[in-house]
1. Could you tell me which of the residues A:Ser221, A:Ser248, A:Ser231 is free of Cβ contacts under 8 Å to residues at least 40 places away in the same chain and under 30 Å from A:Asp146 (Cβ atoms)?
2. Can you work out which of the residues in the stretch A:57-102 that are within 24 Å of the chain's Cα centre (by Cα) and hydroxyl-bearing (Ser, Thr, Tyr) is surrounded by the most Cβ atoms within 10 Å (Cβ to Cβ)?
3. Residue check: is B:Gly46 within 23 Å of B:Trp227 (Cβ to Cβ) and at pLDDT below 95?
4. For A:Val189, state whether it is at negative phi, touching a residue at least 24 places away in the same chain (Cβ under 8 Å) and either within 14 Å of chain B (Cβ to nearest Cβ) or surrounded by 20 or more Cβ atoms within 10 Å (Cβ to Cβ) (or both).
5. Between B:Ala263, B:Ala323, B:Ala339, which is surrounded by 23 or more Cβ atoms within 10 Å (Cβ to Cβ) and more than 27 Å from B:Pro400 (Cβ to Cβ)?
6. What residue, among those in the stretch B:27-41 that are under 17 Å from B:Pro262 (Cα atoms) and touching a residue at least 40 places away in the same chain (Cβ under 8 Å), is nearest to the chain's Cα centre (by Cα)?
7. Would it be correct to say that A:Ile257 is closer than 24 Å to A:Val11 by Cα, crowded, with 24+ Cβ neighbours inside 10 Å and at pLDDT below 90?
8. Scan the stretch B:121-142 and tell me whether some residue there is among the β-branched types (Val, Ile, Thr), more than 20 Å from the chain's Cα centre (by Cα), outside any helix (DSSP H, G or I) and within 14 Å of chain A (Cβ to nearest Cβ).
Amino acid sequence: MSANFYYGVEVFLNGLMTGVMYSLVALGFVLIFKASGIFNYAQGVMALFAALTLVGFQNGQIPFAHLINAIFGTDLHHFGWQMPTFLAIFFTLLVMILFAYIVEKYVLQHLVNQEPIILFMATIGLAYFMEGFGDLMWGSDVKKMDVGIPQGGNLWLEESTAFLGGEDFFGFYVDNLDIWAAIFAAILVTSLVMFSQYTKTGRALRAVADDHQAALSVGISLRTIWVIVWSISGFVALVAGIMWGSKSGVQFSLSLIALKALPVLMLGGFTSIPGAIIGGLIVGVGEKMFEFLIGAPFLGGATENWFAYMLALLFLVFRPQGLFGEKIIERV
Amino acid sequence: MKLTKIAAVLAVTTLVATPAMADLVFPSLSYRTGPYGANGIPFADGYSDYFTLVNERDNGIGGEKAKVVECETGYNTEKGVECYESTKSMGALVYQPLSTGITYQLIPKVTADGIPLHSMGYGRTSAANGKVFSNIFNYPANYWNGASIAINHILKENGGDVKGKKITLLYHNSAYGKEPIRTLEELSKKHGFKLTLIPVDHPGQEQKSQWLQIRREKPDNVIMWGWGVMNQVAIQEASNIRYPMDKFIGIWWSGSENDVIPAGDAAHGYKALGMHAVGSDFPVFDDIKKYVVDAGKAAGAGDQVGTVLYNRGMYAAMLAVEAVKTAQALHNTKAITPAMMRDGMEALDITDAKMAALGMAGFGPSFKVTCENHGGPGLGMVTQWDAKAKKWNQISEYGPSDATVINALIAEDSAAFAKENKIEERCN
């Protein structure tokens, strides 16, 4: 086989890995949409906020330091300690749970039984609020994300496959961070599926997802379920924030990763957890292979963004609910 | 009665919000929010703090106080144009949009309104031709100078011969990122290197395909034309594929602390071009600390002083202040108009003595603006990131760009613009 063939395989592998990264973002959307019918526009900002909070805790940053200094004329910035990563993750999770509670109490509770578009608009407002709040709380400088996940090409894989394609082939390149992302995604999806299948709360979640009214009639608290779902979604956002933040640093453009999740959702369906994974893999492999085979050699490159959306649009034509989404028939 | 009260409150608010007529007004089309906010903040802080320094230390410019009017653009072209429309009637003397997209939109507007625009190291490169672009200035250096200076640096590293070498341009797939392509194509013909163009779509968070291509093709050098998150991801990906950092060189918009810090030690050795000095080892920073930061009058938290983009904002403000002084002397009046400001910018003469007097000796090159040349001398230098010390070091002297190639391109592009817009050449 020629080196080009193996490079094609390498691009395919990296497409799968990139797809997993997209799926991590898409999962958060699916969880909230499935349980409440809300398309959460703020999911990308939640990932940003979670990552900012995690790095802030790790570095012992004083929240709202600039605001405090501006009001009281102080010069506070850091507590002077470094928090261990696991402790910082734990405290970040607590913040995300608190955030879920506040969102339910001050936003969603007042919008029960409103049209989906109203709820969607509320999440747009929430996104802008959170972005500004995160800025005020942790500052807007670019921060390094370091939770100990190794980065860089996997040397073992490179060296053990370097013989495959002759002199022009340097072995398969796969980023260690992507491998870890795939492992975390697998654990996350398995845990989520087991949680929803085998726990009482999980069954309540599924009941709410199936029919709000029926769930309410058997005594399931919609408010509690929403807090739980937004908390889980906050946890997923934290995982996505860690992975994407490790690549680019923690900065406000992190919220734009939501754009990468949209074609994944259109493909996999808005209500399916496995759909988010499969959709991510299809988009990741599709865009990378298209760029490798057609985009870069014939179209000047940078085809990935539009290819993902074109692929999703094609799916919409033939299967509007996505690969695994529920077909919704509304009677007038 | 109620309406009268509301009208009175509105009138008072308007009076307070609008600068006094005697103020010299400098709109700052800044971006402190959004995906590019991390870069917009230090520039806006530096730009504003220098005017505050001049007000506090020198009692204004020639006795007239400077007033900075900030308008948030979010690095969005439409918002930038809205900012222009909402601030131009305040007596705006010069615009500094910090965005190539906004600059392109404002070129016809400022020309029609008679207000000068300074796109320092960005914007439309051919605006350097003052014969066509009467109100646009892009001194001291432009994108095409940058492209040529990068190639000059590579030439120097290779003993003056890059024939057969592979050089890749990794660029932001936008008007900004595409600016150097023509110049690099011309330089490729002249020096015989093979140029590969690799675009990255906005915002540039995902660059796996691009860096796999670079890994396959093994270019001898990579030149980057990025902004915002694209820079950080590119530097991290370069480190991931073990691309030698000293062969990776960014334009001056890809060379701030924000770009290298997220990659940590992996960014060590990365290079970037510069059009002004790095660091805070200049007397002017002592004055900024004394009169602005310690006095609680800094535009931001005061924690950006001395960073690359803060320095750039401060440098842009200094050039604006010197242009005001020139205009005041030319027209023998303190309260200058935008038209007088334009004259001042066109007659700007930055000498070493002037820079030393400002506490900025060696901070930037000396240069003189003329009616024909709004682009300055096109000098640039190379900086390199020291990850351990967490600072940029200047590793070359200010050097010239390839005027034979660049001047021809400027003449060609500006002539096309003049023909399209029926502009008669001036300065004859």
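1. Details: A:Ser221 fails: under 30 Å from A:Asp146 (Cβ atoms); A:Ser231 fails: free of Cβ contacts under 8 Å to residues at least 40 places away in the same chain.
Only one candidate qualifies: A:Ser248.
2. A:Thr92
3. no
4. Against the criterion (at negative phi, touching a residue at least 24 places away in the same chain (Cβ under 8 Å) and either within 14 Å of chain B (Cβ to nearest Cβ) or surrounded by 20 or more Cβ atoms within 10 Å (Cβ to Cβ) (or both)), A:Val189 does not qualify.
5. The match here is B:Ala263.
6. By that ranking, first place goes to B:Asn39.
7. Considered against the rule, which asks whether it is closer than 24 Å to A:Val11 by Cα, crowded, with 24+ Cβ neighbours inside 10 Å and at pLDDT below 90, A:Ile257 comes out as yes.
8. No, the stretch B:121-142 contains no residue that is among the β-branched types (Val, Ile, Thr), more than 20 Å from the chain's Cα centre (by Cα), outside any helix (DSSP H, G or I) and within 14 Å of chain A (Cβ to nearest Cβ).
The values are calculated or read from the model by the stated rules, or taken from the named source; none is laboratory data. Just so we're clear, the structure is a prediction, and the values are computed from it rather than from any experiment. In this analysis, Cβ positions are derived from the backbone assuming ideal geometry, glycine residues included, and neighbour counts consider all displayed protein chains.
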